[in-house]
1. Could you work out how far the C-alpha centroid of the range 190-246 sits from that of the range 52-118, in angstrom?
2. Taking the alpha-carbon distance from residue 262 and a cut-off under 25 Å, which lysines remain once sequence neighbours fewer than 8 residues away in the same chain are dropped?
3. Shape verdict for the range 142-266, please, from the Cα gyration tensor: rounded (a/c under 1.5), prolate (a/b greater than b/c) or oblate.
4. Quick one: accessible surface of residue 221, probe radius 1.4 Å, all protein chains present, in square angstrom to the nearest 10.
5. Students often check this: by mean Cβ neighbours within 10 Å, which of 134-141, 149-156 ranks highest, and how do the rest follow?
Amino acid sequence: MTTRRRGFPIALERVASQATTPRTTVLRPQRPLDEAVRDARAPVPPTGTGLDSTAVRERMAARLRADGVTHAGLLQAFHVVPRHAFIDTALAAQAYEDTSLPIGHGQTISKPSVVARMIELLLQGEAARNLGQLGRVLEIGTGCGYQCALLAQLARSVVSIERIGPLFDKAREHLASLRFDRVRLIHGDGALGHAPLAPYQSIIAAAVGDTLPPAWLEQLDVGGRLVAPVQVDRRQMLVVVDRGPSGYKRVHHEEVRFVPLKSGLV
Ligand code: SAH
């Protein structure tokens, strides 16, 4: 598979509203692997459009818009980042469907609608609204690097941590053309965050733990926002934490389904 990259230049726009769309369905960014693999094997009707064509990405952005995503810069990021280049060639025909897909090592690339939802929540944080972009971002769970590439379009810089060595290598390859000062990939335990580059105006996690690791809260800037799944009893909920001058405000949103946040490096 060839992975051609460009600078993905996009215009950033300020977010006009803090309103969030209430959701009732369970979002499942990481489906069970066997389900994703089964679907990946199903024949896909030819679209008549090459995956390199911007038309397929335009359709994905249009679907996200129809689903309630309003941030122009975010829609533009989905438009310019080639999702098919982050997954196995055998699965590429499904790259622009709203589905998670296996990326190896028991992990999956997240579903675009969930990625969009989480990044849009991040963009509505106080610091991000003041900056007109995400500022310095900490991402936990790089996976194949797709969300990282989207974040890089909307941020001053991104620090992204992955615990599985071969996925870290894959992401490094996928993101090779992004400048090192914009994207810093780390093979490490994301539960510890990355203190040397803290504080972060935006923190986003793609794996769920029983609690929010204290390091994430400590490394969040005042005015910054954290968006992550968290285990609440037997359910996973999307949680938004805002750090203010005198403490943290935590709001639970819809139910989600993510892979577990694990400790130890592989
Ligand atoms: N951001 C990815 C999603 C990858 S799935 C995307 O664009 O689709 C979540 C990832 O979190 C997996 O690759 C998994 O290995 C990783 N992960 C789980 N626990 C982790 C930890 N403690 N530190 C870093 N990464 C972790």
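The values are calculated or read from the model by the stated rules, or taken from the named source; none is laboratory data. A quick note: this is a predicted structure, and the numbers were derived from the prediction, not measured. Cβ atoms come from the backbone with ideal geometry, glycine included; neighbour counts cover every protein chain shown. Accessible surface is based on the protein model in full, side chains and every heavy atom, while ligands, DNA and RNA are left aside. Shrake-Rupley method; radii C 1.70, N 1.55, O 1.52, S 1.80 Å.
1. 24
2. Qualifying lysines at Cα under 25 Å: 111, 170.
3. Oblate.
4. Its accessible surface works out to 40 Å², give or take rounding.
5. 134-141, 149-156
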